[in-house]
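The values are calculated or read from the model by the stated rules, or taken from the named source; none is laboratory data. Keep in mind that this is a model prediction, so the values were computed, not measured. Cβ coordinates were reconstructed from backbone atoms using ideal geometry, including for glycine residues, and neighbour counts include every protein chain displayed. The protein model used for the area step is the full one, side chains on, heavy atoms only, and it has no ligands, DNA or RNA in it. Shrake-Rupley method; radii C 1.70, N 1.55, O 1.52, S 1.80 Å.
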Amino acid sequence: MKDRKNKLGSFVPLQRPLLRSLAFLSLSNTAKVAYTYFLYDKKSSHQDEVVLTFSQAKNFKVCQSQSTFTKIKRELVQYGLLDPLDGGGLNAPAIFKVSNRWNRYGNEDFKELKYKPGFSSKFFKDAMANPEKRQRIIQSRHGVS
């Protein structure tokens, strides 16, 4: 049995109810592809936190621009396939939780969550150029006045 697994490799399951759901059907094709690569990050059925970095998305040919990647992540949160845990930023990836909220998408009891953007290097470059913002960042990170 172990030899068979090595030949076939592991797989990323997309269950039929998900594929037929209003939430999944509402996704852009790019977001659908990206979702499979978020699930690709799972190492076991018990793992519910997933990561897909922009570099990985580019390597997997999901997208080529950071703005498209951000739109994809927003979509996956908006339709209930992923829940944001940590926005990431500055060499730290955004972390998401695989969600089943998609089951309720389109119903009154659907729970909307906001996407949590991370802090990009552009944000810090702009903020560090502004003396007031720079001081606030330094103070919040290091407790220095």
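Only one residue in L19, L27, L81, L76 is at pLDDT 95 or above and touching an Asp or Glu at 6+ places or on another chain (Cβ under 7 Å), so which one is that?
L27
Looking at the stretch 18-28, which of its residues are part of a loop (DSSP other than H, G, I, E, B) and closer than 16 Å to S99 by Cα?
Of everything in the stretch 18-28, those that are part of a loop (DSSP other than H, G, I, E, B) and closer than 16 Å to S99 by Cα turn out to be S21, L27.
Let's see how each residue does on (1) in a loop (DSSP other than H, G, I, E, B); (2) at pLDDT below 90; (3) open to solvent by less than 80 Å² (accessible area, probe 1.4 Å):
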| residue | (1), (2), (3) |
| --- | --- |
| L52 | yes, no, yes |
| Q64 | yes, no, no |
| G106 | yes, no, yes |
| Q135 | no, yes, yes |
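Cβ-Cβ distance below 7 Å, separation of 6 or more or different chains: which pairs start in the stretch 31-47 with a residue that is in contact (Cβ under 8 Å) with a residue 12 or more places away in the chain and end on one that is part of a helix (DSSP H, G or I) and β-branched (V, I, T)?
So the pair list comes out as A31/I72; A34/I72.
In the stretch 29-50, how many residues are touching a strand residue (DSSP E or B) at 6+ places or on another chain (Cβ under 7 Å), of a type outside the set (A, V, I, L, M, F, W, C), outside any strand (DSSP E or B) and under 28 Å from E108 (Cα atoms)?
1
Give the number of residues within the stretch 93-104 that are outside any helix (DSSP H, G or I) and among the polar types (S, T, N, Q).
Of the residues in the stretch 93-104, 2 are outside any helix (DSSP H, G or I) and among the polar types (S, T, N, Q).
Yes or no: the stretch 76-85 includes at least one residue that is surrounded by fewer than 18 Cβ atoms within 10 Å (Cβ to Cβ) and not in a strand (DSSP E or B).
No; the residues of the stretch 76-85 include none that is surrounded by fewer than 18 Cβ atoms within 10 Å (Cβ to Cβ) and not in a strand (DSSP E or B).
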